[in-house]
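A.B. asks: Take this structure first; my questions come after.
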Amino acid sequence: NDERRATGAPGPAYWQQQVDYVIEARLDENSHVITGAATVTYTNNAPDTLDFLWFLLDQNRFRPDSMANMTATAGNGVPEGASAYGMRRREMIEDNGYGFNITGVTDANGQAMDFTIVDTLMRIDLDDVLETGDSVTFTIEWNYRLVETRRIGGRAGVECFEETEDTGADCIYQVAQWFPRAAVFSDYEGWHNKAFLGSGEFTLEFGDYEVEITVPDDHIVSSTGTLENDREVLTATQRSRLN
């Protein structure tokens, strides 16, 4: 068709949505909580009008009532039933309040926007219909507690090592799926709004990202992207290694 050739190449009428993010995020080392705010600009390049947007909340798979947990089998390969690991994992998920806490969604004027959370997805209702070629800007605020990787599993989390008198507990933070991300809206499927069950990945819309990450000053942050303030956050030795 006009959007896609049989070869898989884009056709003359191919389109793709544009979603840009300006994100500020902070890590609390004591609680292992990430707190963030993202100002999102969503540009509708589709020939369709949109009156709501879907976002992915992958961390919600660690909620006790998530589809991922509610559909998990208890055996986990152990003939007798549940393993000690499985029971400990279930207990931590029940007790620790994992998953995204969405503390606010506001429009460009600071007015609250309606949103609905369904498992690992969030639907944001727009005040006005988003026509083809138009953009809308809004801000999402959130926080969530990183899971303990060795006990919970998953693609991201925190792993702490044995405490010492000199340094206390040293921890490594492997951070992924850490902010609400726009689900894809495509010509062949519409909204790609499937729940995340822990296996598989989702494609995302392309966009520009401006990100500020605040961590304790003895941490080293590794990330993709272009580092803009290396002289402020890296030592001379680190800058030499980076070069």
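A.B. asks: Restricting attention to the stretch 6-15, report how many residues are in a strand (DSSP E or B) and aliphatic (A, V, I, L, M).
C.D. replies: To start, the set of residues in the stretch 6-15 that are in a strand (DSSP E or B) comprises 10.
So of that shortlist, the ones also aliphatic (A, V, I, L, M) come out as none.
Counting residues in the stretch 6-15 that are in a strand (DSSP E or B) and aliphatic (A, V, I, L, M) gives 0.
A.B. asks: For the stretch 128-147, which residues satisfy the criterion of being touching a strand residue (DSSP E or B) at 6+ places or on another chain (Cβ under 6 Å) and of a type in the set (D, E, K, R)?
C.D. replies: Within the stretch 128-147, GLU141, ARG145 qualify.
A.B. asks: I want to confirm something. Restricting to the stretch 116-147 and keeping residues that are charged (D, E, K, R) and open to solvent by less than 60 Å² (accessible area, probe 1.4 Å), which single residue is nearest to LEU197 (Cα to Cα)? Reasoning before the result, please.
C.D. replies: Step one: list which residues in the stretch 116-147 are charged (D, E, K, R), which gives 119, 123, 125, 127-128, 131, 134, 141, 145.
Then drop every residue that is not open to solvent by less than 60 Å² (accessible area, probe 1.4 Å), which leaves 119, 125.
On the way: ASP119: 10, ASP125: 25 Å.
Across the stretch 116-147, the extreme among qualifying residues is ASP119.
A.B. asks: Quick check on the stretch 153-167. Is at least one of its residues over 23 Å from THR35 (Cα atoms), surrounded by fewer than 16 Cβ atoms within 10 Å (Cβ to Cβ), under 24 Å from the mean Cα position of the chain (by Cα) and in contact (Cβ under 8 Å) with a residue 40 or more places away in the chain? Please lay out each step first, then the result.
C.D. replies: Here is the first cut: in the stretch 153-167, the residues over 23 Å from THR35 (Cα atoms) are 161-167.
Then drop every residue that is not surrounded by fewer than 16 Cβ atoms within 10 Å (Cβ to Cβ), which leaves 161-167.
Within this subset, residues satisfying the condition of being under 24 Å from the mean Cα position of the chain (by Cα) are none.
Scanning the stretch 153-167 turns up no residue that is over 23 Å from THR35 (Cα atoms), surrounded by fewer than 16 Cβ atoms within 10 Å (Cβ to Cβ), under 24 Å from the mean Cα position of the chain (by Cα) and in contact (Cβ under 8 Å) with a residue 40 or more places away in the chain.
A.B. asks: Further question on the same structure: Could you check how many residues of the stretch 223-238 are under 23 Å from the mean Cα position of the chain (by Cα) and open to solvent by 90 Å² or more (accessible area, probe 1.4 Å)?
C.D. replies: Filtering the stretch 223-238 down to residues under 23 Å from the mean Cα position of the chain (by Cα) leaves 223-228.
Going one step further and asking which of them are open to solvent by 90 Å² or more (accessible area, probe 1.4 Å), we end up with 224, 226, 228.
Counting residues in the stretch 223-238 that are under 23 Å from the mean Cα position of the chain (by Cα) and open to solvent by 90 Å² or more (accessible area, probe 1.4 Å) gives 3.
A.B. asks: Which residue is nearest to the chain's Cα centre (by Cα), if the candidates are limited to the stretch 185-207 and must be open to solvent by less than 100 Å² (accessible area, probe 1.4 Å) and under 21 Å from GLY36 (Cα atoms)?
C.D. replies: So, considering only residues that are open to solvent by less than 100 Å² (accessible area, probe 1.4 Å) and under 21 Å from GLY36 (Cα atoms), the one nearest to the chain's Cα centre (by Cα) is LEU204.
A.B. asks: Say we look at the stretch 16-30 and pick out the residues that are modelled with pLDDT of 95 or more and assigned to a loop (DSSP other than H, G, I, E, B); which of these is most open to solvent (accessible area, probe 1.4 Å)?
C.D. replies: Only one residue fits best here, namely GLN16.
A.B. asks: Just one of (1) at positive phi; (2) free of Cβ contacts under 8 Å to residues at least 24 places away in the same chain trips up ASP28, so point out which.
C.D. replies: So the condition that ASP28 fails would be (1).
The values are calculated or read from the model by the stated rules, or taken from the named source; none is laboratory data. On a predicted model such as this, the values are computed, not experimentally measured, just so you know. Backbone-built Cβ (ideal geometry, glycine too); neighbour counts: all protein chains shown. Just so you know, the surface numbers come from the protein's heavy atoms only, side chains and all, with ligands and any DNA or RNA stripped out. Shrake-Rupley method; radii C 1.70, N 1.55, O 1.52, S 1.80 Å.
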